[in-house]
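Down below is the structure, laid out as structure tokens.
The values are calculated or read from the model by the stated rules, or taken from the named source; none is laboratory data. Bear in mind that the values here come from a model prediction, so they are computed numbers and not experimental data. When we count neighbours, we look across all protein chains shown, and the Cβ atoms used for this are built from the backbone with ideal geometry, even at glycine.
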Amino acid sequence: MSGRKKRALTETIIKQREYNLRAKLPQIFRYAALGLLGITIIAVVVGFYRSRNTTPFKLKSEHTQLSTDVVAEVTGYERLETDNGLSKYYVKADYAKTFSDNHQELENAYFEIFDDAGNPADKLSAQKVLYVPEENKNFTAYMNGNVNIESRDGLKVKTNNITYSKSNETADADELVEFERENIRGKSVGATVKMGEKRLDLLKDVEIEAFESPELIKSGIRYAKINAASATYDQIANKIDLNNNVAIAIDSKSKSTGKCS
């Protein structure tokens, strides 16, 4: 085959390949579009499952229209609120983002609340906090992630999500709550911690354990386990009121159990 014929054959093959490639371009673009769509769907699904595992703040109706305009961001944030020379509350956080309506998003936050005489009273901490200021040095704090409460009378509470109102010194939780004070510890699903009243309302599926104490020893009891549908723990009177489906197991010199509805 002569050189001219070879060049002509080569050019024909190249043109045929280019034609085939142009013919396949719409199909290639369709496959690429489908691939991008698949990646987008996967990203959305992954984002959904990640967000599903993060408990969102459950805002009160009056706080659903908070500002989105950021005016300041601070690392290593601290603030002490006072009124007429008396300390009202102290806030510390690793990071604080402040918005135009003065509400804040805080990370790894710690709150210390002072009583009417300006003395330290209650302590609260959480990984994330949405802080909403109110009149008369009050505020609402939505606290999420590893929430810890230590009240003025030694009650310790652990949960994952609470709404704290300074105006009535109350924290509301609707998830699993664990608590302890002196020789008593327990858990329930949902609770209202009334720090000012020194009362703990346990809302559902209550389990309480009481360990050796002078009061129990006088009764010949070393240990008691109590289950109930709901209960109220009055710290001032050191009394627990039980409601519905009550079951009590006692470890004493003469072991006994009891159940009532």
- Message: Consider region 142-167. How many of its residues are touching a Leu at 6+ places or on another chain (Cβ under 7 Å) and over 10 Å from S125 (Cα atoms)?
- Response: 4
- Task: Note down all Cβ pairs under 6 Å where the first residue falls in region 157-178 and is assigned by TED's automatic domain parsing to the domain that holds D115, the second is assigned to a loop (DSSP other than H, G, I, E, B), and they're at least six residues apart or on different chains.
- Result: N161/T55; K166/N138; S167/N138; E169/M195; E169/G196
- Message: Yes or no: region 192-202 includes at least one residue that is within 12 Å of the chain's Cα centre (by Cα) and buried (at least 21 other Cβ atoms within 10 Å of the Cβ).
- Response: no
- Taking only pairs six or more apart or across chains, which ones have beta-carbon atoms under 6 Å, a first residue in region 53-70 that is closer than 16 Å to D172 by Cα and in the same structural domain as E175 (by TED's automatic domain parsing), and a second residue that is loosely packed, with under 10 Cβ neighbours inside 10 Å and at pLDDT below 85? none
- In this structure, is E169 at positive phi and surrounded by 13 or more Cβ atoms within 10 Å (Cβ to Cβ)? yes
- Item | Selection from region 135-167 of residues that are at pLDDT below 95 and of a type in the set (D, E) | E135, D153
- D241: at pLDDT below 95, surrounded by fewer than 16 Cβ atoms within 10 Å (Cβ to Cβ) and in contact with a Lys or Arg (Cβ under 6 Å, 6 or more places away or on another chain), yes or no? no
